[in-house]
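Below is one structure; the comments refer to it alone.
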Amino acid sequence: MKTLTKAEEQIMQALWALGPSFVKDIITVLPEPQPHYNTVSTLVKILVDKGFVGFKAFGKSHQYHALVSKEEYSSRTVQNLVKGYFGGSFANLVSFFVKEKDMSVNDLEQLLEEIKKSKKQEP
C-alpha cells in the first residue's frame with residue numbers, strides 16, 4: 001500500500017467521516033484555512049490514481065468514496081511505523097511509550113486485557 005501525504009490523509013479522513021461525497025462536501029470538513037476547490041479536486045484525483053478513492057460520475061460531477069477502509073490504512077501505517085522505527089517489535093513500541101511517560105500503568109493493564117481477550121478468541 002502506498003503512503004499518503006498529510007494533505008492526502010486529511011482528504012481520506014474527510015471521506016471516512018462523510019462517506020460518499022462531492023469535493024464541495026469534503027472542503028467543509030477540512031481544517032482552516034480551507035484549501036481551494038481546485039486543490040482538493042487535484043488531491044482527490046491523486047488518491048484515485050493511488051487506488052485509495054473511487055468515484056461515481058453524475059454528468060460532469062463526481063461523487064468520491066474511500067476504497068481503503070480507515071482500519072486497513074491504520075493497520076498498515078502502524079505496521080510500517082513499528083517496522084521502520086522499532087525493529088518490527090511491538091514490545092519496543094510499547095516500551096518507547098512507557099519510557100516517554102506517555103503510557104500509564106492503567107493503559108498497560110488495559111492493553112494486556114485486550115491481548116488476553118484476543119488470544120482467547122483465536123481458534
- Might you let me know whether segment 27-35 holds any residue that is closer than 20 Å to Met1 by Cα, over 14 Å from the mean Cα position of the chain (by Cα) and surrounded by 14 or more Cβ atoms within 10 Å (Cβ to Cβ)? no
- Under 7 Å between Cβ atoms, at least 6 apart or on separate chains: pull out the pairs that start in segment 75-86 with a residue that is farther than 14 Å from Leu4 by Cβ and end on any residue that is open to solvent by less than 60 Å² (accessible area, probe 1.4 Å) and part of a helix (DSSP H, G or I). Val82/Leu93; Phe86/Leu93
- Query: Val53 versus (1) open to solvent by 60 Å² or more (accessible area, probe 1.4 Å); (2) within 21 Å of Gln10 (Cα to Cα): which is the lone unmet condition?
  - Reply: (1)
- Task: Any residue in segment 24-51 that's more than 17 Å from Gln63 (Cβ to Cβ): show its pairings with residues that are outside any helix (DSSP H, G or I) at Cβ separation under 6 Å, as long as the two are six or more apart or on different chains.
- Result: Lys50/Lys2
- Taking segment 1-18 as the search range and keeping residues that are among the hydrophobic types (A, V, I, L, M, F, W, C) and modelled with pLDDT under 95, which one is surrounded by the most Cβ atoms within 10 Å (Cβ to Cβ)? Leu4
- Can you pull out the residues in segment 78-97 that are under 20 Å from Glu114 (Cα atoms) and open to solvent by 60 Å² or more (accessible area, probe 1.4 Å)? Val78, Gln79, Phe90, Ala91, Asn92, Phe96, Phe97
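The values are calculated or read from the model by the stated rules, or taken from the named source; none is laboratory data. Here the structure is a predicted model, which is why all the values come from computation and not from measurement. Note that each Cβ is placed from the backbone with ideal geometry, even for glycine, and that neighbours are counted across all protein chains shown. Remember, those area values only see protein heavy atoms, side chains included, never the ligands or the DNA or RNA. Shrake-Rupley method; radii C 1.70, N 1.55, O 1.52, S 1.80 Å.
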